[in-house]
Amino acid sequence: MTARVLHGDCRVLMAAMEEASVDSICTDPPYGLSSEPDCAEVLTHWLAGDDYEHTGNGFMGNSWDSFVPGPATWKEAYRVLKPGGFLLAFFGTRTYDLGVIAIRLAGFEVRDMVHWLYGSGFPKGGNRDGKGTCLKPAHEPIVLARKPFKGSVAKNEAKHRTGALNIDACRIHADDAQGGAYTVKRLKPGATLEKTGGNWRPDDGVAYHGEMKPGRWPANVVHDGSEEVLEGFPHTTSGLMKAGTRRAAQDHPGSVCFGTFGGDEAASDTYADSGSAARFFYCAKASKVDRDEGLDQFAPQQFVQFQTGNGESGAASSLSEGRDTQYRNIHPTVKPEALMRWLVRLITPPGGLVLDPFTGSGSTGKAAVLEGLGFLGCEMTEEYLPIARSRITAAEARAEIERAAPMQPGLFGEAA
Ligand SMILES: C[S@@+](CC[C@H](N)C(=O)[O-])C[C@H]1O[C@@H](n2cnc3c(N)ncnc32)[C@H](O)[C@@H]1O
């Protein structure tokens, strides 16, 4: 597998790439956390097929963050992606709407929104007399979109290997869902689970006691395992539901279920289990080891670590008081390895090529090579290139070692 990071504007670089040449796109584009735009003006430009230029700097005064990428950039991403290929893109909570409209205008179909919940955010916008102008940031939304294709998913997969998510590779096991501690209640001792026709079933057709083998179907929520987030999930118990069972529209007396969820049929067996509802993929924010892996030759610099969810007016919000904030990786918005590995694994066919048009310090590239995938990155800010390339090179060396002798999850402080 090859990994490359190209220097330049991704729109120009992607324009030079072959059509339908990448299997997935996983990226963390500029959030555009600058002054509030005139939406009508933005959309007028975008609908006319023009670019919209926003004045002012974005997060931490970074000019690259002044506005979300427009449809013209996403159209190039659309062109180079295979039919049925998925796009995952992070956004800030204040600008998610505009970021996703641009993706829709480029032709993508939006499939879902993933929430990454965390407890480390600080409320901003003043705290005088019990009043403020912002809520405490506690999640980052990630849009899941797909390039449309003709015909069935199966036919598209047979032709391009794209169109469906890698559910089994991303199932949630108790270790991944730290704090979940779920127990499987109705399995007979010694019985195992078998995969039949795409579904996991007890081998004797009866529910039994034992360990849950395949793990939970991945949800559109990821959390950081912090006490604060875990406390927000009540302990619940659920019964086993066989494939094809119709779920009642009202799960609890007094609750109402709107939309297509009400009365949905279970596509595959679900499990009778109990535990905290934090039975979702767990991933903490990027650790210092993760940020700085492969950067021994770079001098450590004092750095203000900050949140990226809803930062206000481009100002830094320091989470770093009292902490060691000397980093070799000086990129302000590093994403954690475990989260990026889970995301690229979810959307990329085995051995496929992942594109990140907004590479930054290379977190997607690190994840891709560790997952045995190819990687192509674009980054326009020159000073981030050596950081990205060195981190990816170090990850390639680690991937070699992992392949030879698989390691335990958690090497870098997060669940794998
Ligand atoms: C939010 S950061 C990505 C950070 C990355 N997730 C990481 O872990 O380091 C976005 C990056 O996109 C780059 N960028 C912004 N506009 C770009 C463009 N048009 N072409 C290429 N890179 C761009 C910025 O320089 C910045 O490093």
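The values are calculated or read from the model by the stated rules, or taken from the named source; none is laboratory data. Remember, it's a predicted structure, so these values are computed and weren't measured experimentally. Cβ: placed from backbone, ideal geometry, glycine included. Neighbour counts: every protein chain shown. We work out accessible area using only protein heavy atoms, side chains counted, and drop any ligands, DNA or RNA first. Shrake-Rupley method; radii C 1.70, N 1.55, O 1.52, S 1.80 Å.
A few notes on this one:
- Within the stretch 329-378, being more than 13 Å from the ligand (Cβ to nearest atom) and part of a loop (DSSP other than H, G, I, E, B) holds for Thr348, Pro349, Pro350, Gly351, Gly352, Glu371, Gly372, Leu373.
- Ser361 on the phi < 0 side of the Ramachandran plot and either at pLDDT 95 or above or open to solvent by 10 Å² or more (accessible area, probe 1.4 Å) (or both): yes
- Subset of the stretch 72-102 [open to solvent by 10 Å² or more (accessible area, probe 1.4 Å), touching a helix residue (DSSP H, G or I) at 6+ places or on another chain (Cβ under 8 Å) and within 24 Å of Leu353 (Cβ to Cβ)]: Ala72, Thr73, Glu76, Arg79, Lys82, Pro83
- With respect to the conditions (1) within 16 Å of the ligand (Cβ to nearest atom); (2) of a type in the set (Ser, Thr, Tyr); (3) assigned to a helix (DSSP H, G or I), Thr44 lacks only one, and its number is (1).
- Considering residues of the stretch 123-152 that are part of a strand (DSSP E or B) and open to solvent by 50 Å² or more (accessible area, probe 1.4 Å) only, the residue modelled with the highest pLDDT: His139
- Test: residue in the stretch 19-36 that is away from the ligand (no atom under 13 Å from the Cβ), out of contact with any helix residue (DSSP H, G or I) (no Cβ under 8 Å at 6 or more places or on another chain) and either open to solvent by 20 Å² or more (accessible area, probe 1.4 Å) or among the hydroxyl-bearing types (Ser, Thr, Tyr) (or both): yes
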